[in-house]
Each structure stands twice: as C-alpha cells, then as structure tokens.
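Undergrad: The structure under discussion is supplied below as structure tokens; questions concerning it will follow.
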2 protein chains.
Amino acid sequence: MALRQDQDVVVGAAGSAGVFRTQYLDLPAPLPLDSGRSLSQVRIAYETYGRLAPAKDNVVLVCHALSGDAHAAGWSDDPEAPSAVDGFGADDRGIKPRGGLGWWDGMIGPGKAFDTDRYFVVCTNLIGSCRGSTGPSSINPDTGKLFGLDFPVVTVGDMVRAEKRALEVLGIDSVLAVGGGSLGGMRALEWTVAYPESVRSCVSIASTARLGSQGVAWNAIARSAIMADPDWQAGFYYDTGRAPTAGIGVARMVGHVTYLSAESMREKFDRRLQDRERYSFTLTEPDFAVESYLRHQADTFATRFDANSYLYISRALTYFDLARDHGRGSLARALADVSARYLLVSFSSDWLYPPRDSHELETALRANGKSVEHHEIEASYGHDSFLLEERRQAPIIAAFLQEVAGVRGSKR
Amino acid sequence: MALRQDQDVVVGAAGSAGVFRTQYLDLPAPLPLDSGRSLSQVRIAYETYGRLAPAKDNVVLVCHALSGDAHAAGWSDDPEAPSAVDGFGADDRGIKPRGGLGWWDGMIGPGKAFDTDRYFVVCTNLIGSCRGSTGPSSINPDTGKLFGLDFPVVTVGDMVRAEKRALEVLGIDSVLAVGGGSLGGMRALEWTVAYPESVRSCVSIASTARLGSQGVAWNAIARSAIMADPDWQAGFYYDTGRAPTAGIGVARMVGHVTYLSAESMREKFDRRLQDRERYSFTLTEPDFAVESYLRHQADTFATRFDANSYLYISRALTYFDLARDHGRGSLARALADVSARYLLVSFSSDWLYPPRDSHELETALRANGKSVEHHEIEASYGHDSFLLEERRQAPIIAAFLQEVAGVRGSKR
C-alpha cells in the first residue's frame, strides 16, 4: 500500500498499516440501553486492518479511549483529518495536529503488537462519540433535529452491545481478542462478561473494573466545567452558532494533567518559562511553559471534540462498575462465568488507573481459577503510558496474542 | 474569657483561645512590590492570641494558606461569620459553614501546639486577599473605585514585606517563630531569607521552596476556569451585579481534590451513591456522594471567597521560587545567609506539596550547615493533613518551639 509522500514526519511509515478511510455501518435493529431507553437507529464508524482469515478466527477488536475514534492505525486518506495523537504523544514525535495518524499506530500494523500480518484488526467508534458513530451530535430520527441532551445516557455495557452487533453486521460472531487502554480496557473487560462465549482473550491496559472516588471526582469536575459554560445552553447548542469551547478547554486541561505523572511533567517542563526571561506580573499571560502547553491542548481539543460527547462518555466511564453491574457488588462473582484468557497491563506512574486496580482484577480472576497474567510496567508517563510506552508493552501483547492464537513463532 | 453558649458544636471549646474580633491596621508608607509597582495604601487585617511578653521575645507569626484569613483561632464574635474550616475538616467534626471557628483552632490556644499561654500569636491576612487586607476588591485610592484587575500582581515576597511592616506597626521587630502550612509555609520560608535578622525559627508545614510543574498546572487550570466564566468580565465585575461564581466553583473543586489523597477520598466516599439506589442515567444529577460533596464545596466557597483574590493569590503561589528569587537558581545559595532554625513537616500522602520538596529544602539547609529538622508524617489526608493531622504534628511543633524559646518544661 502506498505511503503518503507529503508528510514531513514519517513516524509509523516503517510497518505502517497503510492509508485508510473510515467506513460506516448501520445496526439492523434498535439498540436497547441499560437505562431502559433505546436508540432506534445506530450508525457505527469503523476501520479494519489486515485480512480476515477464512475461518474468521483471527479477529482482534481494538477499543479506543474517551477521545479516540475508529482510525486506530495507519494514515487517514484525508490529509486534513485531525490527528487523535496529541499531547506528549504528538509533541515527542513531532506529529502535527492534522495529517491523520491513527491513535494507536505504534501498536497496530505489520510486525507490531497487534500484527496486521496475522490478525484482522477492527476498531469501531463508540456510541455517544462525535467521531462518526451515533451520538448527541447525530440527528434524532424522532424529531429530525440533532439530539443534544435528548440523546440517552449510554453505559459501557451499551457501547459493547453496539460493538457486538456491529461485528455481527460484518459477519463476525466471535473474536480472538478484544483489547484497549483506559475506557478501551473497560470495554474489553465488559466484553468478556457480557459475551463470554464470543471472546477468547482480553487485553486490558491501564484500566480498571471501576473508577475510584478520585477518578469519579475528576470526571465530575470536567463535566462541571463544560456545563458551567453558558454557551453549553443546557446541551442544545448545535444550531446556535456558539459552543462551550471554553468549558471543554478547561475539562481537557483537567483530563490532560490526570493522564500524565508529576515526574513526566517535571522532566518535560519543570518551571521553565515560555518565551521570556522573567515573570510577566500579569494574571492572563501564560508565563510558564506548562501553562502555555495546557492552553494549546485546550484550544486544539475544542476544535476536534464535541462537548456533549465528552459529557456522555465521561458519564459512562464513571458508571462502569463490573461488580455492581454483573456481580451484585462482588467482582469475583461478576467474573465467575468468563471464559477468556486475560492479559492485564498497568503502569507504575499511572495514578488515575493505578496498578492496584489491575491487581484487584487479577485477584478476582484467580479466585475463580481463570487464566490471567498481569504485567506492571515501570514507566514514567502516567496514564498516557498506554499510548506512549510501546517499546515495553508491545512484546508482552504480541507474545500473549500469539499464544492465544496458537501461533508459535511461525506466520500464517 | 467567656465562651459562647449559642454554639451547637463545642469543638475547640476546651482550650479555646477565646472569642475574637478581627482588627485592622494601616501601613504608614506605600509598599513597593517585586513587579516594580507599588501599593500606596495598605490595610492589614489581623488577630492576636495570648500576651506579648515585656521583652517582646515570644511572638509567633502564623501564616494562613490560599483561602484563609486573620481569624486563625478561637471563635469569631460574629456568629454569622463564615468559617474558614471547611471540607473534610468541617465534615469530620460537624462544624457548620457559619459560626466562625478559626481555621487553625486545633493548633492555636492554651496548651496547644502554638500555646497561647506561652506565646503571643499573631495572624495577619495576606495582601491580595478578600478577607480584610488590601486586595483586588479594595478601593483603588487613585480612582476611588474598586481595583478589580487594576490591582497589581503581588508575590510571596510582597506579602511578607507587608507582614514585616504590619508587625512594626504593632511595635514588633523580630519574631520567635514564623510558621504556616502550604502558602503559609512558603511565607515562613521567605521570611527567613528576606529578614534573616528578625526570625529566630521557621515552621514550614506541607510546603515547598517552589511549586513543581504539576502544581503550576493545577493553579493554571483553576485560574482558567475563573477567567473562562463570562461573568468574570476581565476582572471588573464588582459593580455589575454578576460574579464568576460558576468559574470559582470549578476552580475550588480542582483545588479541593488536589488537597486530598486518593486514599482519603476512597475511605470517605468510595463509589457510594448519594440518596439513591441506582444511577439516575442523567448528565446533570450528582449520582455519586463525591459529586454531591464537590458541588457543595463549590457553592459554599463561591459565597465566601472573591474570584479575583483567588487569581492573585494563585499567581503568587506559582511565582514563588526561593532559588530563582534569592539564589540565582540555586536553593543552597538562596539559603546561605539565613540564621533561623528550621522545622519542616511533610505528609506522606501529600502529592501537591510532596515530602520530596521538604527533603530538598532539608538538603539545601544542611549543605549550608544550618539547623534543620524534618518530620515526614505518615498521614492519609493528603495536603490537607496540615489542617487535619493535629494529633501527630502538634507535639513536634510544641517541642520545637519550646526548645527555640529556651523554655524546657516549665511555663513562663
């Protein structure tokens, strides 16, 4: 597949999955939701990488996190597409805000952890998002107008139900593996509980069976920042010419700092001033490099992500609770009937989805006699390590998938 | 001194310093500022507890943190005065938002760490605040209107300069000790460097010689939340009938979570729901107890603290940098000429002003052959431990002050 020549940066070109255009499918029936409501029409954006084996036994479903999308690997065929690779990931690799490199390109492609020479990798955009699948910025078929806050609250369980039905539309009944980081790791876990007969393995990275108090608090603050913006207009802003860009900017800054670690911020910024020798002695100038960086993150994010989608997905994150949803409060009980093999990966400096959460999962799985391996990786990037520490997690994931697939050293 | 009988809660009554009314003094001359500007008229709010010894050698200056005030101990004589004791401190002790218990009442009083039977304790409200000392909500003598954003940016050095002059108005040239937590600890440190001949000892608790990248980031986010609120009106909102209450609410929520630890939040809230059995499946209801708690904190704070003051004090916090300001980048050099004895106290779970910052201070002081002791206390309350862990820090501070004062076991 031809690689684009107009990129200044060729990161990912070696072993690139190629150039892709996001595709769309419609679910054939209304989607029932955990709230008791339903979505009568659901469109799912997706991309696929690699080839489906005739036996259909090489499917790997990759699940993105809060602000990701279906474009997980390779380049977008639209050079103006915003890149979902941002923050340290973009900074440290010189990736431009546009140009469309997939958000997990370092992990998906020929010879990479999710090896597209072996596996048929599918990535779907989750419902509630603004990146192609049905969400609050979609048209409400009941009114002909954009949903806004009439969109029903969706859960991780609802997202996974939509993903299962989307795969069925593609003719896929079961997967070799489902994997992802953060909210993507939550969906991978939910898959194994909701559809135990359809999942052979689960790769849950920097994730948890339920967000703790502090994580719930950060999400509540981010949502408060959006809803405090008068331009949010109780969620019905789409046709007003105004949008809560200031609010989502603050939300993004909060989120961004929780994704990093104090150590990685110190290494990157310390107390360095931005383009000045001395303090400005103003309230409004971003004197410090870290202040300037956060403003840039806020501004960039506001242009590529819808505030209502942020609210809905954040809500789903905080609602997710395997023990509550499937085990009457017991995580071990929730995992009693799973049949998948589990790979859990956590990162030492991740204080948002800390290693202790993966340890809890490991303990509950072992209590049920399930197959689980947990790797706690020493890494300084905090929660974002799942996007950045490819070198250390890739071999672990590659080996796990090969063992699950029964492929030991030889390519198909 | 008579104790009030109309309090439902008598916390602090045993050993209470008494009932107090905040007093005010005016500096006799304009105050030069680090920015090059000056304040032509400066009023300082203050309270004192205990009695000044004839030799004036028992003065302890206590410095409050960002949102504190001069009312450090005992009860206010105004039963409607808002209490500066809030958050976990108020919750866990049943303290009402009004009733005027001093913000460090557990530490200041007869027989307490700052023993008012021995010491003459002075607490001044810092400049830039909205709690009685000159700040952005004061009248600008040049225009006759409230300052708003015409108030000059002030630094920790400026605050300390104002404090020194305020003590001189009270006839006090030197102090036995200067102490405080967080921003109060910064001022204590600044005192020892700016006025080495006037300070016999320094008690710096849960503080730092300079905020790291992450702390700078949290402060930048809090300020962004305020400035993003249209009701902020570029800082000139006082006579408009509108104020950025939503913005300062978000700022307070961010601050509040950084003051706690993940552990203490888990212990207090876990994922408990608030007044409900199941999720509301809405975006706007505070389903979780921690969400409800943060909203309450935001609402309470907005009624008692001015948003512009928050901006100015937050800016001062981030600018503070002993090494940059006094040591041409070297902390050891900045501390070369101090003569005070130092007590540093840090808390294991404080990730905003982490123990490593106090270790750095200790190392720099030792490199200069200065007298320093550093106690890292195992405590789960995070940064707020300096307000909550009285039992463990009080004996350390009491012993240190007695040794500095040369009072060994016997009362004056």
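Undergrad: So what J values fall out for the range B:273-278 if you push phi through Karplus, 6.51 cos²θ - 1.76 cosθ + 1.60 with θ = phi - 60°, rounded to Hz, Gly and Pro as x?
TA: My calculation for the range B:273-278 gives 7, 9, 6, 7, 9, 9 Hz in order.
Undergrad: Need one number for the range B:179-321: average projected area of the convex hull over its C-alpha atoms, nm². Walk me through the numbers before you get to the answer.
TA: Numbers: hull surface 45.2 nm².
Over every viewing direction, the Cα hull of the range B:179-321 projects on average to 11.3 nm².
Undergrad: Carbon and sulfur atoms: what percent of the 1.4 Å accessible area of chain A do they account for? Display every interim value, and only then the final one.
TA: Details: 6960 of 14720 Å².
Heavy-atom surface of chain A belonging to carbon and sulfur, 1.4 Å probe: 47 percent.
Undergrad: Using the reciprocal of the averaged 1/r over all distinct C-alpha pairs, how large is the Kirkwood radius of the range A:241-381 in Å? Please report the intermediate quantities before stating the final value.
TA: Working: mean 1/r = 0.0545 Å⁻¹.
Hydrodynamic radius (Kirkwood, Cα pairs) of the range A:241-381 is 18.3 Å.
Undergrad: For B:D26, place a label point 7 Å out from Cα along the Cα→Cβ vector, do the same in each other copy, and report the separations in nm, one decimal, smallest first.
TA: Spacings between copies for this position, smallest first, are 7.7 nm.
Undergrad: Taking K and R as +1 and D and E as -1, what net charge do the other residues with C-beta under 12 Å from the C-beta of B:R276 add up to? Before the final figure, lay out the partial values.
TA: Numbers: positive: B:R272, B:R278; negative: B:D275, B:E277, B:E285, B:D287, B:E291.
My count for the surroundings of B:R276 gives -3.
Undergrad: Also, quick follow-up: Over all directions, the average projected area of the alpha-carbon convex hull for the protein assembly as shown comes to how many nm²? Please report the intermediate quantities before stating the final value.
TA: On the way: hull surface 145.8 nm².
Spelled out: convex hull of the Cα atoms, projected over all directions, averaged, 36.4 nm².
Undergrad: So what's the convex hull volume per residue for the Cα atoms of the range A:12-90, in Å³? Write out the running numbers ahead of the final one.
TA: On the way: hull volume 12.6 nm³, N = 79.
Each residue corresponds to 159 Å³ of Cα convex hull volume.
Undergrad: What distance in nm lies between label points placed 7 Å from Cα along the C-beta direction at A:D173 and B:S174?
TA: Label-label distance for A:D173 and B:S174, simple model: 8.9 nm.
Undergrad: Using a label point 7 Å beyond Cα on the Cα-Cβ vector, give me the inter-copy distances for B:A53 in nanometres, one decimal, shortest first.
TA: Between copies, matching label points for B:A53 lie 8.5 nm apart.
Undergrad: If each of A:E285 and A:S330 carries a label point 7 Å out from its Cα toward its Cβ, how far apart are those two points in nm?
TA: So the label points at A:E285 and A:S330 sit 6.3 nm apart.
Undergrad: By what distance, in whole Å, do the Cα atoms of the range B:143-240 stretch along each of the three principal axes, largest value first?
TA: That works out to 47, 38, 15 Å along the principal axes.
Undergrad: Calculate for chain A the 222 nm mean residue ellipticity that helices alone would give, adding -39,500 (n - 2.57) per DSSP H run of length 4 or more and normalising by residue count, nearest 500 deg cm²/dmol. Numbers along the way, then the final one.
TA: Numbers: 13 runs with 139 residues, N = 412.
Value at 222 nm, helices only: -10000 deg cm²/dmol.
Undergrad: Separate question: Taking a point 7 angstrom from the Cα of A:D117 along the C-beta vector, which residues in the range A:25-62 have backbone N less than 17 Å away?
TA: A:49-53
Undergrad: Right, here's the next one. Taking the Cα-to-Cβ direction at A:K145 and at A:S348 and moving 7 Å from each Cα, how far apart do the two end points lie in nm?
TA: 5.5 nm
Undergrad: Quick one: putting +1 on the C-beta of Lys and Arg, -1 on the C-beta of Asp and Glu, what dipole do you get for the protein assembly as shown around its Cα centre, in Debye to the nearest 20?
TA: The dipole magnitude comes to about 700 debye.
Undergrad: Would you please give the residues with an amide H less than 5 Å from that of B:E376, counting only those at least 5 places away or on a separate chain, with H modeled from the backbone geometry?
TA: Hits under the 5 Å cutoff: B:S346.
Undergrad: OK, next. Provide a whole-number value for the mean count of partner chain Cβ atoms within 10 Å of the Cβ atoms in peptide B:316-326. Before the final figure, lay out the partial values.
TA: Details: counts 0, 0, 6, 6, 0, 2, 0, 1, 4, 1, 0.
Mean shielding by partner chains, rounded to a whole number: 2.
Undergrad: At 0.36 nm per residue, and after removing the present C-alpha to C-alpha distance, how many nm does the segment from A:T240 to A:L52 gain when stretched out fully? Mind dumping the intermediate values first?
TA: Numbers: separation 188, 0.36 × 188 = 67.68 nm, distance 4.48 nm.
Working it through step by step, the gained length comes to 63.2 nm.
Undergrad: Once you have the Kirkwood Rh of chain B from its Cα pairs, apply Stokes-Einstein at 20 °C and 1.002 mPa s and quote D in µm²/s.
TA: Details: Rh = 21.7 Å.
Estimated via Stokes-Einstein, D reaches 99 µm²/s.
Undergrad: So, one more: Stokes-Einstein D for the range A:317-412 at 4 °C, 1.567 mPa s, Kirkwood Rh over Cα pairs, in µm²/s?
TA: Numbers: Rh = 14.7 Å.
D = 88 µm²/s.
Undergrad: Under the rule of at least 5 residues apart or a separate chain, name every residue whose amide H is placed under 5 Å from the amide H of B:V42.
TA: Amide H to amide H, under 5 Å and 5 or more residues apart or across chains, B:V42 pairs with B:L27.
Undergrad: Output ³J(HN,Hα) for the range A:29-34: one whole-Hz value per residue in order, computed from phi by the Karplus curve 6.51 cos²θ - 1.76 cosθ + 1.60 with θ = phi - 60°, and x for Gly and Pro.
TA: With the stated coefficients, the range A:29-34 comes to 9, x, 9, x, 10, 4 Hz.
Undergrad: Rounded to whole Å, give me the distance from the Cα center of the range B:137-205 to that of the range A:143-204.
TA: After rounding, the separation between the Cα centres reads 57 Å.
Undergrad: I've got another one for you. Please work out the average accessible area per residue across the range A:274-412, using the 1.4 Å probe convention, and give it in Å². Numbers along the way, then the final one.
TA: Details: 5600 Å² over 139 residues.
Per-residue accessible area for the range A:274-412 comes out at 40 Å².
Undergrad: In addition: Need one value for B:275-288: mean number of C-beta atoms belonging to other chains within 10 Å of its residues' C-beta atoms.
TA: Per residue, the number of nearby Cβ atoms from other chains is 5 on average.
Undergrad: Evaluate E = 1/(1 + (r/R0)^6) for B:V19 and B:H359, where r is the Cβ-Cβ distance and R0 equals 35 Å; express this FRET efficiency to the nearest 0.05.
TA: Working: r = 41 Å, r/R0 = 1.16.
After rounding to 0.05, the efficiency reads 0.30.
Undergrad: Please state the Cα pair-distance histogram of the range B:105-144 with 10 angstrom bins from zero: what percent is in each bin?
TA: 27, 28, 24, 15, 6
Undergrad: Highest mean first, how do A:56-62, B:49-55 rank when packing is the count of other Cβ atoms within 10 Å averaged over residues?
TA: Details: A:56-62: 22.4, B:49-55: 15.0.
My ranking of the peptides, most packed first, is A:56-62, B:49-55.
Undergrad: A:R341's amide H: which non-local residues (gap 5+, or another chain) put their own amide H closer than 5 Å, with H modeled 1.01 Å from N in plane and none for Pro or chain starts?
TA: Hits under the 5 Å cutoff: A:S201, A:C202.
Undergrad: If you don't mind, another one. With θ taken as phi - 60° and the coefficients 6.51, -1.76 and 1.60, list the Karplus ³J(HN,Hα) couplings across the range A:381-388 in order, rounded to whole Hz; mark glycine and proline as x.
TA: 3J(HN,Hα) across the range A:381-388, in whole Hz: 7, x, 4, 5, 4, 5, 8, 10.
Undergrad: At A:R391, label 7 Å along Cα→Cβ: distances to the other copies, nm, ascending?
TA: 4.8
Undergrad: Rounded to the nearest 100 Å², what's the accessible area chains A and B bury against each other, both chains counted, probe 1.4 Å? List each step's numbers first, then the result.
TA: Working: alone 17170 and 17200 Å², together 29460 Å².
Buried surface at the A/B interface: approximately 4900 Å².
The values are calculated or read from the model by the stated rules, or taken from the named source; none is laboratory data. Because the structure is a prediction, the values reported are computed rather than measured. Every residue, glycine as well, gets a Cβ built from its backbone with ideal geometry; the counts of neighbours run over all protein chains shown. Please note that ligands, DNA and RNA were not included when accessible areas were found on the heavy atoms of the full protein model with its side chains. Shrake-Rupley method; radii C 1.70, N 1.55, O 1.52, S 1.80 Å.
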